[in-house]
Amino acid sequence: MQNIGKGLHSLIPPKSASGEVSFPKISQPLRSKKESVFNVETNKIKPNPMQPRQEMDREDLQDLAESIKEHGILQPLIVTKSVKDLAKGQDVEYTLIAGHRRWEAAKMIGLPHVPVIIRDSTEQQKLELALVENLQRSDLNGLDKAKAFKRLSEEFDLTHQEIAQKVGKSRELVTNTIRLLNLPQEIKDGMMAGKISDGHARTLAGIKSPQAQKALYDEIIKNNMNVRQVEQRVREISVKAHRRKVFLDPEIKKIAGELTAFLGNKTEVRRAGIGGKIVIEFSDKGDLEKVIKKILKS
């Protein structure tokens, strides 16, 4: 597997003086030669069915359209070409692989033609290229990333490590991003609305209990917590959950009860690995001395 997550310039290299661009390497090289840029009719292009981006910011798209109106499309779109035989002649159609925003912006201003690079691509390569282009822009939302990663994993039998190599991210980030799909709908809606960041959501996804996830989500919104604060709260929740689990252990509970009865003070037995510690509560110095005397006499 080749790594294609090395920056947008490696995916769509700049046009050279000869009118050709170098071909980037993906999972399986398509060609070894350079490819030319062609102008094709904008309305002959249809969207990539593997496009991971589900929503686009209209204001941002309008800004891009204004830029294209003034300067033109600086980076060619990447498409595949299909030819259909008709009763009279042939009909040519193109499917977009990368450059969805540029295509949408070109349509907004009624641009009749757009520059493209024509490639032969498998369904996997279409998803890879569209995903990498969006990831390199850093504005693809976490849920769309998660869905794209999951498709690469399930439909094309790629491991999380292989996906990470393709998109230039860590294996841990890929795994944690896919977990976002298991979050309660309320939290996913909050992500889409911009109430929490992807970092917040990935941290919440590390909590097993949906109830605990929702409770912490509400706390994040109420207190405007940053990601580091949420990570600290998750650690605290984990420690408390472990303590509750130990406390519910019948043997430990029995021992703690016997110690409480013997000393007359509430006593907790906490395990840590094969060891642990005993915590005895006392109200003041006199109460502590009473406890010590009982222990020394026993």
Checklist entry - Pick from the stretch 199-217 the residues that are in a loop (DSSP other than H, G, I, E, B) and not charged (D, E, K, R): which of them is surrounded by the most Cβ atoms within 10 Å (Cβ to Cβ)? => result Ile207
Item to check | Residues that are modelled with pLDDT under 90 and in a helix (DSSP H, G or I), drawn from the stretch 147-160 | outcome: Lys147, Ala148, Phe149, Lys150, Arg151, Leu152, Ser153, Glu154, Glu155
Checklist entry - Does Lys166 count as in contact with a Ser or Thr (Cβ under 6 Å, 6 or more places away or on another chain), surrounded by 14 or more Cβ atoms within 10 Å (Cβ to Cβ) and in a helix (DSSP H, G or I)? => result no
Item to check | Answer from Lys88, Lys44 - the residue that is farther than 26 Å from Leu143 by Cβ, surrounded by fewer than 20 Cβ atoms within 10 Å (Cβ to Cβ) and at pLDDT below 85 | outcome: Lys88
Checklist entry - Which one of Leu140, Leu127, Leu135 is under 30 Å from Glu186 (Cβ atoms), in a loop (DSSP other than H, G, I, E, B), under 29 Å from the mean Cα position of the chain (by Cα) and modelled with pLDDT under 85? => result Leu140
Checklist entry - Residues Phe38, Phe23: which one is out of contact with any helix residue (DSSP H, G or I) (no Cβ under 8 Å at 6 or more places or on another chain), among the aromatic types (Phe, Trp, Tyr) and modelled with pLDDT of 70 or more? => result Phe38
Item to check | Pair list, Cβ < 7 Å and 6+ apart or interchain, from the stretch 95-117 residues that are over 21 Å from Val83 (Cα atoms) to residues that are of a type in the set (D, E, K, R) and crowded, with 24+ Cβ neighbours inside 10 Å | outcome: none
Next on the checklist: Six or more apart or on different chains, Cβ atoms under 8 Å: show the pairs whose first residue is in the stretch 208-219 and without any contact (Cβ under 8 Å) to a residue 24 or more places away in the chain and whose second is in a helix (DSSP H, G or I).
Outcome noted: Leu216/Leu204; Leu216/Val230; Leu216/Arg233; Leu216/Val234; Leu216/Ile237; Glu219/Arg233
Checklist entry - Which residue, of Ile196, Ile187, Ile220, Ile178, is surrounded by 13 or more Cβ atoms within 10 Å (Cβ to Cβ), modelled with pLDDT of 90 or more, in contact with a His (Cβ under 7 Å, 6 or more places away or on another chain) and not assigned by TED's automatic domain parsing to the domain that holds Arg270? => result Ile220
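The values are calculated or read from the model by the stated rules, or taken from the named source; none is laboratory data. Computed from a prediction, not measured in an experiment: that's the story for all the values here. In this analysis, Cβ positions are derived from the backbone assuming ideal geometry, glycine residues included, and neighbour counts consider all displayed protein chains.
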